[in-house]
Every structure is written in C-alpha cells, then in structure tokens.
Amino acid sequence: MRTRPLKVALLGCGVVGSEVARIMTTHADDLAARIGAPVELAGVAVRRPSRVREGIPAELVTTDATALVKRGDIDVVVEVIGGIEPARTLITTAFAHGASVVSANKALLAQDGAALHAAAEEHGKDLYYEAAVAGAIPLIRPLRESLAGDKVNRVLGIVNGTTNFILDKMDSTGAGYQEALDEATALGYAEADPTADVEAFDAAAKAAILAGIGFHTRVRLDDVYREGMTEVTAADFRSAKEMGCTIKLLAICERSKDGASVTARVHPAMIPLTHPLASVRGAYNAVFVESDAAGQLMFYGPGAGGAPTASAVLGDLVAVCRNRLNGATGPGESAYAALPVSPMGEVVTRYHISLDVADKPGVLAQVATVFAEHGVSIDTVRQQGKDGEASLVVVTHRASDASLSGTVEALRKLDTVRGVASIMRVEGE
Ligand SMILES: NC(=O)c1ccc[n+]([C@@H]2O[C@H](COP(=O)([O-])OP(=O)(O)OC[C@H]3O[C@@H](n4cnc5c(N)ncnc54)[C@H](OP(=O)(O)O)[C@@H]3O)[C@@H](O)[C@H]2O)c1
C-alpha cells in the first residue's frame, strides 16, 4: 500500500458533507485498504466558519473555497455545497488545478453536465456523481457501467422522497395536500420552501441525468416535461382507489418504440396497487430500469439524508482515488447516440379524466363523440348523478398526449361539460 495519502478537499460541511467527513475519519483504515492508499481530509470549505463542527479540526476549516481548490496538491474535490454558483466555478477550477471531482449536485449536473464533463475530459480528470440521483441508491454506476453492454429502454421511478412522503400520507390517511405537506415539514421531510420538491424541479433534474446516461444522449433540464404534485387532491386518491390504483410522482424516461427518439417527463400518475412502485412508502425512492437483455431491474432505498447520501459520495471517492492511483480515469460522458428528445405531445399513455357534467340524457354520447373525434379510445366510463349535475370518470386506452390535450380542449367547449375536475396519467400497466 502507498503510504503517502491522497488529499481530499471537502466543499460544504452541511447535512451531507459532515457525514462524508465523519465516515472518512471513522472508516479511515478500511478506506485506505480498499483504495490502496490512505485518504486525508486536507481542507473543509464552509460559509460560516465559527459554527461548531464535531470531528473536524478547526485548522482545516476555511471560507476560501477557491484557494482550497487551487492549492495544487489536492487529489479529489468533494463538492457538497449545492446550487449552481459557486459550485460550478469551483468544480472547473478544481479540474484546472489537477483534482478529480465527486459531486452530489443534481441541479448543477442537470443544467451544466455536458460542460462539466468536457472540462473533466480536457484536464484528464474524473467527474463522479452517484449521490446526485436517489441518494444512497446505486443507479448512476449500474447504468453507466453494469448495463454498458445492454440497451436501456425505460427508466421509471420515484426519485423524490419528500413528495413520496406527502403522497403516501394522503393515500394512507385521506389527508389533503396542505395537511400532508404540513406534516412533512414538521417531521423534517420537507424544507421550509418546498418548491423544488413539490413542483418537481428536483425530480426533473434527476430525470435529465438518468435519461442522459441511460440513452447515451444529452438530455437537458429543459427537455424534461415537468408537472408538480400540488394539485393532487384527496378526491384523486379516492378515484385512484376505485380503480385499484394509488398516485405517485414519477420520473419516466423512455426510448420510443422505433428507438429513434427519447422522452423524459416528471408528473403525478396513477399506478396499479399491484405495481412494485405502489408499495414504496414514506420518503423512500425506487427506480425501475428496463433493458433489452437484463429485463426489469428495480433499485430501492433511502433517496436522501446525510449518511445515506454520504455512502454514495464515499463510493465515488473510493473509485476516483483508485483511478488516480492507476493513472487512469473512469467513464466520462457518453452522448454518442445523440437521439432527439421528443416533446410531451408525442408521449403515449393512458389517462384518467374526471369531468363535471350536466345530468341529462345524451351527455355521455356527446362526451364519447369528442373522444372518438380525437382518436382517443375509451376503456371505461363511470357516472355518478346528483341534483341535475353529475360526475363522469373516463379512463382511456393508450393515446398521445397531444390527442388527449385536443380532446380536453374540445370537452371544455361543450355546454354540458361544467368543468374538467382532474386529468391524470395512468402508468405502470
Ligand atoms: N441533504 C440530502 O439529503 C441530499 C441528498 C442528495 C443530494 N444532496 C445534494 O448534496 C448537496 C449538499 O446538500 P446538503 O443537504 O448537505 O446542503 P446543506 O446542509 O445546506 O450544506 C451546504 C454546505 O455548503 C456550505 N456552503 C454554502 N455556500 C458555500 C460557499 N459559497 N462556500 C463554501 N461553502 C458553502 C455550507 O456552509 P455552512 O455550514 O457554513 O452553512 C454548508 O456546510 C446538494 O447539492 C444537494 O442537492 C443532498
């Protein structure tokens, strides 16, 4: 074993960074044996230096992250600050000054992954980010390495623990969205500003990363169709239950049937209770990967939290350190397929539509005609009448999103349709 240690600069020492530092210290001997050289924490950049940080020697703490990554003797920079800047500049500066980088920053990777990979390649360095998607769950490495000889056709999963906690609460208690969110906030599952989670920005960033790696194609954040879950109601859950379904916020990345294009989307969807994703409870994450040769694979585990996320960071750290000792780099960006990303209108799936209609003869026929005119075939219809008004629940066969949008637009123009109460996609069948 080499005795000279590999030097690690830790950028950020919050929820994730503090756990990375703790595991680096408590597992130092094991890490050294696995890597073939000891790893040494050479500096820790933070914003508030006076904060007490257990187990971190005060002399290692600095507020000057730029000087730390420019030192020239750093082997690996672990970026767990989050956000776009200064993280982006610090990472590119690290490459330019000879370090490889491990990051947990999904927002940055989804937005600027291509440029960061190019910078890593230019300087012959590694960029690893297992922790950026689904916390502790190994997903990036299986896609990038284990399935490198297979053809991935679909990635479908729950990649945000906060929203899964909220939806699970609504499902199990009958609570409305706000009540479930309040509980998630009180228990620390939701941040004070939950926008990134509930409006699905976080899940969209993860979908962009997964689609890019799975399909060997650059998928930008803007390519991902995004719909949050703030409008899911207790009534939607009652409807879902009547169909033997529950509701999950899903990230879905698919290759088209002819293989010539891909789509990536994030939205709430009904899935059958018999689907394995339906039983993913609380803040857990789970991702299905479907590929030509392997068939269906499911990855399940804690998608966030300090220690679980640090586990993924440490796994990357070991891999990057090994590469470094071997004078090699691991796999970089693979975007050779360069498939076009199709718009949401071309996505084909099933729909559950709930309409408020006038309770009089002929309404059902009128509604059915609109569906037929737009080429959307109806699977089932359920009608409940009350005091001259009725609710009509239509479940369709598979149709394109564009056809469904056209149908809904035409339905809204019917005098007998008082309103479209909800539209939800039905997945996983
Ligand atoms: N938390 C999770 O469960 C989780 C899961 C998966 C991925 N991630 C990702 O991991 C990253 C870190 O998340 P986190 O939850 O650990 O965040 P956090 O608790 O807010 O910690 C951020 C850390 O960065 C430091 N920092 C902020 N701005 C800085 C600057 N300009 N210069 C130097 N240091 C700065 C902060 O310093 P102070 O301590 O002085 O404030 C803090 O130590 C993010 O990219 C996040 O998306 C987090």
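Things worth noting here:
- Here, the range 140-301 yields an orientationally averaged convex hull projection of 9.4 nm² when only Cα atoms define the hull.
- Gap separating the Cα centres of the range 302-317 and the range 156-174, nearest whole Å: 21 Å
- Per-residue Karplus couplings for the range 248-259, computed as 6.51 cos²θ - 1.76 cosθ + 1.60 with θ equal to phi - 60°, are listed in order as 10, 8, 10, 9, 10, 10, 9, 8, 5, 4, 7, x Hz, Gly and Pro entered as x.
- Calculated from backbone phi, Karplus (6.51, -1.76, 1.60) coupling profile of the range 227-233 in Hz, x at Gly/Pro: 9, x, 10, 6, 9, 6, 10
- Under 5 Å, built H, 5+ apart or other chain: amide partners of residue 250: 267, 269
- Among 370, 52, 393, residue whose mean-square fluctuation peaks in a GNM of the chain (springs only between Cα atoms under 10 Å): 52
- Counting 0.36 nm for each residue step from residue 186 to residue 29 and taking away their Cα separation leaves a gain of 52.6 nm.
- Rough spin-label spacing in nm, given labels placed 7 Å along Cα→Cβ, for residue 241 and residue 414: 2.8 nm
- Each other residue within a Cβ distance under 10 Å of residue 112 adds +1 if Lys or Arg and -1 if Asp or Glu, for a net charge of +2.
- Residues 253, 13 arranged by fewest to most Cβ contacts within 10 Å: 13, 253
- Counting neighbouring Cβ atoms within 10 Å and putting the fewest first, the residues 369, 93 line up as 369, 93.
- Cα-based helix-to-principal-axis angle, 363-373 vs the chain, degrees rounded to 10: 50 degrees
- Largest GNM mean-square fluctuation across 360, 241, 206, computed for the chain with C-alpha springs under 10 Å, falls on 360.
- Estimated D of the chain in µm² per second, where Rh is the Kirkwood radius over Cα pairs and Stokes-Einstein applies at 4 °C, 1.567 mPa s: 56 µm²/s
- Built amide H within the under 5 Å cut-off of residue 77, gap 5+: 9, 100, 101, 102
- Each distinct pair of alpha carbons in the range 344-426 adds a 1/r term; the inverse of their mean, the Kirkwood radius, is 12.6 Å.
- Cross-link pairs exceeding 28 Å in C-alpha to C-alpha distance, out of 169/386; 151/206; 125/257; 386/413, comprise 169/386; 125/257.
- Proximity of backbone amide H atoms, modeled 1.01 Å from N, is registered between residue 378 and 397 at under 5 Å, excluding neighbours fewer than 5 places apart on the same chain.
- Other residues whose C-beta falls under 9 angstrom from the C-beta of residue 169 contribute a net charge of -4, scoring Lys and Arg +1 and Asp and Glu -1.
- The string of couplings for the range 306-311 from the Karplus curve (6.51, -1.76, 1.60, θ = phi - 60°) is x, 5, x, 5, 5, 4 Hz, one whole number per residue in order, with x for Gly and Pro.
- Between the beta carbons of residue 274 and residue 377, assuming R0 = 25 Å, the FRET efficiency works out to 0.60 to the nearest 0.05.
- Between the helical axis of 106-122 and the longest alpha-carbon principal axis of the chain there is an angle of about 40 degrees.
- Positive minus negative residues near residue 411 (Lys, Arg vs Asp, Glu; Cβ under 13 Å): -1
- Cβ charges +1 (Lys, Arg) and -1 (Asp, Glu), total dipole of the chain, debye: 740 debye
- Which of 123, 391, 160, positive extreme of dipole for the chain (C-beta unit charges): 123
- DSSP-defined antiparallel bridges as percent of all bridges, the chain, nearest 5: 70 percent
- Relative to the longest principal axis of the Cα atoms of the chain, the long axis of helix 401-412 makes an angle of roughly 40 degrees.
- Helix-only mean residue ellipticity at 222 nm for the chain, each DSSP H run of n ≥ 4 adding -39500 (n - 2.57), per residue, nearest 500: -10500 deg cm²/dmol
Laboratory data are not the source of any read-out in this text; all were calculated from the coordinates shown. On a predicted model such as this, the values are computed, not experimentally measured, just so you know. Reconstructed Cβ throughout: ideal geometry from the backbone, glycine too, with neighbour counts over all protein chains shown.
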